[in-house]
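Only one structure is covered here, and it is reproduced in the block below.
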Amino acid sequence: MAEILLPVANPDKLEQGFSSYGAVTSSTKGIPSVPLSDAKHWYRPDIDGLRAVAVLAVIIYHMNESWFPGGFTGVDIFFVISGYVVSGSVLRHSNLSVLDCFVGFYARRAKRIAPTLVTVTVVTGLLMAVMFPPHTLKLSQHFLAGSWGTLGLGNHFLAMQEASYWDSTVREDLDPFLHLWSLGVEEQFYLIFPFVTLMAYGTKHSAFHDGGKTRHVR
């Protein structure tokens, strides 16, 4: 049977948790085990499908709130998915050293988010400056909101303005960067949750204290 590498901390619990995520499986169930480091086995089409449902719910809600009054909960679905996926990502690499585990995690997040975020922010800013007369929009304020949003601080920018996403005055400003508040929440979540995840599984005997040693589970 193929071997699976797991951190020494509570391997039984890790195996049970990962099995629900589609990674650690048993050949007795007719599904061959795969190495935790083999990323191609970690793609979850059902998770992508759930993301699509969440996106569709939000789009419909913004088109007409009466069509789907609870469509805004699509954002909450994304938050839950992030917690689920981030937990699996961190634990898959927890057999590495502390530095490699966390540096790798943040590098993967930056590679996934930064190119699209920067492109969308720059293109939106240029289109806004060219297509909309300055007297119809608070351009400087919107550019500032976009800058904060690109840094993952869009929610803090709103808080500093003592404004809520649901305020009618905020929504009437037609700020194209308003929705970056949710990305800010996720990015701030990324800064904390990986540490919490590993702490929750216990670090007393984990790679944090044994130099990255692993145990082979057959």
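Summing Lys and Arg as +1 and Asp and Glu as -1 over all other residues whose Cβ lies under 11 Å from the Cβ of S89 gives a net charge of +4.
Each Lys or Arg adds one and each Asp or Glu subtracts one; over the other residues with Cβ under 15 Å from the Cβ of P115, this totals +3.
FYI, it's all coordinate maths here, none of it is from the lab. The structure displayed is predicted, hence computed values, not measured ones. Ideal geometry is used to build each Cβ from the backbone, glycine not excepted, and the neighbour counts take in all protein chains shown.
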